[in-house]
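Below is one structure, written out as structure tokens, with a few remarks after it.
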Amino acid sequence: MSLRFSKLLFAASLVLAPALLPLMAGTTQSASALDAINLAGRQRMLSQRIVKNYTQLGLGVLSEAAERQLRDSVARFDASQQQLQQQLASWPASQDELVRLAAEWQRLKPMLAQRPGRDSSRQVEQQAEAVLGASHVLTLSLQEQSGTDSGRWVNLAGRTRMLSQRLAKYALLQKLGVDGAVQRDATEQARTELGGALDSLQRAPVNSPAIRRQLELAKQQWQFLENALNQSQGDVAHIATTSERLVEVMDEVTRLYSAGPK
């Protein structure tokens with residue numbers, strides 16, 4: 001990766017992070033808890049999207065879009081970490097998980113300055129798995145502490161959002177020559193889990209008309225992504241673009257759940 005891009009990553013984290021922090025004044029405790037679950041769950045997704053974008057750069061496919069998305073992912077991760085630290089200052093039960101997530105993220109960030117390739121992508125992916133694990137533990141902790149049924153749906157929608165990027169990540173890593181039995185097993189598990197999660201979400205009793213419309217759109221986008229993944233030649237550009245469309249839809253679904261019942 002070029003020195004110019006490394007500087008852009010750093011600059012984006014400084015400039016965009018404050019702008020991405022929404023105002024929390026006036027929110028209820030319940031809404032704040034659901035929002036925290038959404039934020040922690042988004043870190044799961046971003047850990048996978050970062051590897052996808054980084055590997056896409058290594059493949060030289062839609063490089064301009066991949067570079068832009070990688071900068072965006074890093075800035076959003078930084079912004080969400082700041083917001084979580086502010087929101088969870090009064091949640092002592094979550095501090096250990098939050099500290100662990102911050103530490104794993106600080107190990108991953110410098111790796112992104114390396115030139116993308118097979119070896120560096122493997123290293124980035126391995127550390128991103130540590131970030132994913134830490135953010136998942138934090139998300140589950142927040143769901144349990146929320147004490148609401150809605151917390152479950154925010155978590156599940158957020159996990160589905162992550163799976164869209166996880167599947168694309170594995171497909172691109174395979175194209176780059178980073179492949180193995182563990183990753184192939186994880187791919188099949190993610191496929192099964194994503195489809196099942198969408199079915200569960202469609203049956204959620206808290207669904208509003210807006211959520212139902214978005215879930216129908218998510219189903220369509222999942223079919224497009226699955227078709228791209230099933231192509232024998234594995235069209236990397238198609239996988240990259242369809243996974244972005246699915247994650248955008250699921251991000252909106254998760255936001256709607258985190259807004260609480262209307």
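The values are calculated or read from the model by the stated rules, or taken from the named source; none is laboratory data. All values derive from a computational prediction rather than experimental measurement. Here the Cβ is made from the backbone with ideal geometry for all residues, glycine too, and neighbour counts use every protein chain on show. Side chains are part of the model used for accessible areas, which takes the heavy atoms of the whole protein and leaves out ligands, DNA and RNA. Shrake-Rupley method; radii C 1.70, N 1.55, O 1.52, S 1.80 Å.
A few points about this structure:
- Test: residue in the range 146-164 that is at positive phi and either of a type in the set (G, A, S) or touching a Pro at 6+ places or on another chain (Cβ under 8 Å) (or both): yes
- Test: residue in the range 87-110 that is within 17 Å of the chain's Cα centre (by Cα), within 27 Å of L194 (Cβ to Cβ) and surrounded by fewer than 16 Cβ atoms within 10 Å (Cβ to Cβ): no
- Put simply, of S232, S208 the only residue that is open to solvent by 10 Å² or more (accessible area, probe 1.4 Å), farther than 17 Å from L163 by Cβ and at pLDDT 90 or above is S208.
- Look at (1) among the charged types (D, E, K, R); (2) open to solvent by less than 30 Å² (accessible area, probe 1.4 Å); (3) in contact with a Gly (Cβ under 9 Å, 6 or more places away or on another chain) and you find that D251 fails only one, number (2).
- Residues satisfying the stated conditions in the range 141-195, i.e. part of a helix (DSSP H, G or I), of a type in the set (V, I, T) and either under 18 Å from E226 (Cβ atoms) or open to solvent by 20 Å² or more (accessible area, probe 1.4 Å) (or both): T160, V182, T187, T192
- Test: L39 is assigned to a helix (DSSP H, G or I) and free of Cβ contacts under 8 Å to residues at least 60 places away in the same chain: yes
- Taking the numbered list (1) in contact with a Gly (Cβ under 7 Å, 6 or more places away or on another chain); (2) within 14 Å of R166 (Cα to Cα); (3) not hydroxyl-bearing (S, T, Y) in turn, L176 passes all entries but (2).
- Qualifying residue in the range 201-212 (condition: under 19 Å from N53 (Cα atoms) and in a helix (DSSP H, G or I)): no
- Screening the range 75-86 for residues that are over 14 Å from the mean Cα position of the chain (by Cα) and not hydrophobic (A, V, I, L, M, F, W, C) and picking the one that is most open to solvent (accessible area, probe 1.4 Å) gives Q86.
- Looking across the range 213-236, the residues that are in a helix (DSSP H, G or I), without any contact (Cβ under 8 Å) to a residue 24 or more places away in the chain and not hydrophobic (A, V, I, L, M, F, W, C) come down to R213, E216, K219, Q220, Q223, N227, N230.
- One residue from D119, D72 being assigned to a helix (DSSP H, G or I) and loosely packed, with under 15 Cβ neighbours inside 10 Å: D119
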